[in-house]
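Undergrad: Dumping the structure here so I can ask a few things about it.
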Amino acid sequence: MARLLTLSVCVLALVATLAEAKSDRIHVTAKIVETTFTGDLAHPQIGDQLINTVELFDKHEKEVGTGAGACTVVSAPPRETLLLCLITAVFPKKGQIIFGGAAPFPTPGAVV
């Protein structure tokens, strides 16, 4: 009986999770509103931060949200300069997405 109850609970939890799971494809363009770097941009050091705020636009150039990111330098010369980033995109009335990861240090004027 205990096994049947355990199995029933697991099946109900799985069904509830699958019923709530859905996805939407999002394609936006981020335009930087403000950016700052806490160290010397020409000579980044471990612990320096690159902080950005952005506005998010859809393919019709209509503003659909805002975002912010904080990236910390985690590897500096003589090694490749790498950032570890935590980024949030906020879509009014639709929620937010939080994502992160490592990225190479951007070059001035880079488009991504």
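Only the coordinates and a few stated rules stand behind these numbers; no lab work does. Remember, it's a predicted structure, so these values are computed and weren't measured experimentally. Cβ coordinates were reconstructed from backbone atoms using ideal geometry, including for glycine residues, and neighbour counts include every protein chain displayed.
Undergrad: Under a Cβ-Cβ cut-off of 14 Å, what is the net charge of the residues other than V73 that fall near it, where Lys and Arg count +1 and Asp and Glu count -1? If you can, show how the numbers build up before the last one.
TA: Details: positive: R79; negative: D40, D48, E80.
Around V73, the charge tally is -2.
Undergrad: On a full-extension model of 0.36 nm per residue, what is the gain between Q49 and A103, subtracting their alpha-carbon distance, rounded to one decimal in nm? Before the final figure, lay out each step's value.
TA: Working: separation 54, 0.36 × 54 = 19.44 nm, distance 1.29 nm.
That works out to 18.1 nm of additional length.
Undergrad: Would you mind computing Rg(Cα) / (2.2 N^0.38 Å) for the stretch 30-85, counting N as its residues?
TA: Working: Rg = 13.9 Å, N = 56, 2.2 N^0.38 = 10.2 Å.
Working it through for the stretch 30-85, the quotient is 1.37.
Undergrad: May I pose another question? How far is the Cα center of the stretch 28-56 from the Cα center of the stretch 62-112, in Å?
TA: Value for the Cα centre distance between the two parts: 8 Å.
Undergrad: So for the stretch 24-104, averaging the separation of alpha carbon pairs under 8 Å that are six or more residues apart and normalising by length, what relative contact order in percent results?
TA: Numbers: 172 pairs, mean separation 17.9, N = 81.
The normalised contact order for the stretch 24-104 reaches 22 percent.
Undergrad: About its Cα centre, what dipole magnitude does the stretch 24-104 give when the only charges are +1 on Lys and Arg Cβ and -1 on Asp and Glu Cβ, stated in debye to the nearest 20?
TA: Using only the charged Cβ atoms, the result is roughly 300 debye.
Undergrad: Between A70 and L41, what FRET efficiency follows from the Cβ-Cβ distance if R0 is 22 Å, with the result rounded to 0.05?
TA: Numbers: r = 16 Å, r/R0 = 0.72.
The formula returns an efficiency of 0.85 here.
Undergrad: Considering only the other residues whose Cβ falls under 10 Å of the Cβ of T29, what net charge follows from Lys and Arg at +1 and Asp and Glu at -1?
TA: Numbers: positive: K31, K59; negative: E55, D58, E61.
Neighbour charge sum, excluding T29 itself: -1.
Undergrad: Order the peptides 44-55, 94-105, 75-86 from the highest to the lowest mean number of other Cβ atoms within 10 Å of their residues.
TA: 44-55, 75-86, 94-105
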